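The block underneath contains the structure these notes are about, expressed in structure tokens.
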Amino acid sequence: MQLTNQSIKSIFLSDFDVNIVKDLQQKSARDNFEFDSIINNISKQIYRLNILDNRYKDIFNSSKKLMPNTLNGCKFILSESMKSCSLVDYVPTVTFVKKDNEFDYQNSDAMKISKLLSKKDVEITAREIAENIAKNIPYNELIQILDISNTGFINIKLKTIYVTSICRDIIIHGVNPPHLKSQRVIVDFSSPNIAKEMHVGHLRSTIIGESICRIFEFVGFDVLRVSHTGDWGTQFGMLIAHLEDKYPDYDKETPPISDLQQFYKESKKRFDDDEVFKKRARLKVVSLQTGTDEKVKKAWESICEISRRDFQLIYSQLNISVTERGESFY
């Protein structure tokens, strides 16, 4: 609630017994004790607190759609203290405390400031600077404890009630994304090879890529998932030639290939051991790339479709939907 100058006196008086107020007024008259001056001073302090409160709301993104930025809040509080210490242009740095469970954040600016001042022949220790900064910390809703180390580090512990309120909001409303300008993002991941099983590298790329996509979507980006598959090249010559020999009716019905990896190994062995087969396989590659033989194209499409079905089994388990853009697309 914002406090106005007009309401301060009534609020102040409501917190005290009427007799105490009368005693203060009598003391004011007897000892030249300026009762109204006290009210005016309180008014100034509350006015300053209201300004700080409004500034905190800006820093912490108090809109219900956004999460508070605690790190920036701590920086702002320290910067206000530094202004009181005549360090107006100094921008404080705040880092997470990784090893110490007692404190949450840490500031090491006192040591840097001490070195800067020593170059100007002003001798003051980092600890003394840190103590001055801590002493001038304004009232705030974040910081509960400031601990000064001998070397000048300022260790910051957050208020329990603040941390509790953030955790409660996350539990009730979930984690809200930061406000970012929407962008079109393309993520290329997974990218397995046709006629081969996905190996651990493909699986790793698939999981990391999908995770990146979901993060982008969480912050409101328009994401296009692309898998650049290896569906073109000389290996298809031996696969097509082997398909023609093993399943001569492939152009009429889908070949019943249950293990495409084994099928690939069989065609590779023939390619390495049989010179006649190798020559025929190379001719199939030429026919595929020139587009002169529809049966060769049909064989290639059948092999690609069998691979896609195998890939989709893994994508379905991971709840991933990706747009395939093979080498043949380009």
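A Förster distance of 56 Å, applied to the separation of the beta-carbon atoms of I186 and E123, puts the FRET efficiency at 0.45.
Full extension of the segment from Y90 to L71, taken as 0.36 nm per residue of separation minus the current Cα-Cα distance, would add 5.2 nm. If each residue of separation counts as 0.36 nm, what is the full-extension length gain between L116 and T160 once their alpha-carbon separation is subtracted? Computed gain between L116 and T160 is 12.3 nm. Taking Lys and Arg as +1 and Asp and Glu as -1, the other residues whose beta-carbon sits under 12 Å from that of F311 total -2. Pairs of lysine residues in the stretch 70-167 that meet both criteria, 8 or more places apart or on different chains and Cα atoms under 25 Å apart, total 29.
A simple spin-label model places the labels of H179 and D222 2.2 nm from each other, with each point 7 Å out along Cα-to-Cβ. Each label was represented as a point 7 Å from its Cα along the Cα-to-Cβ direction; for D293 and D249 these points are 2.2 nm apart. Exceedance of the 18 Å cut-off in Cα-Cα distance is limited, within the set K196/K265; K196/K278; K196/K252, to K196/K278; K196/K252.
What is the log10 of I(q)/I(0) for the stretch 144-194, computed with the Debye formula using one identical point scatterer on each Cα and no solvent, at q = 0.25, 0.33 Å⁻¹? Evaluating at q = 0.25, 0.33 Å⁻¹ gives log10 I(q)/I(0) of -0.98, -1.15.
Projecting label points 7 angstrom from Cα along Cα→Cβ for E80 and R168 puts them 2.2 nm apart. Dimensions of the stretch 280-323 along the principal axes, based on C-alpha atoms and rounded to the nearest Å, stand at 40, 18, 14, largest first.
Mind checking the log10 I(q)/I(0) for the stretch 179-329 at q = 0.18, 0.19 Å⁻¹? Debye, one equal scatterer per Cα, no solvent, two decimals. For the requested q values the scattering log ratios are -1.02, -1.10.
Throughout, read-outs are computed from the coordinates displayed, never taken from laboratory work. No experiment lies behind these values; they were computed from the predicted model shown. Here the Cβ is made from the backbone with ideal geometry for all residues, glycine too, and neighbour counts use every protein chain on show.
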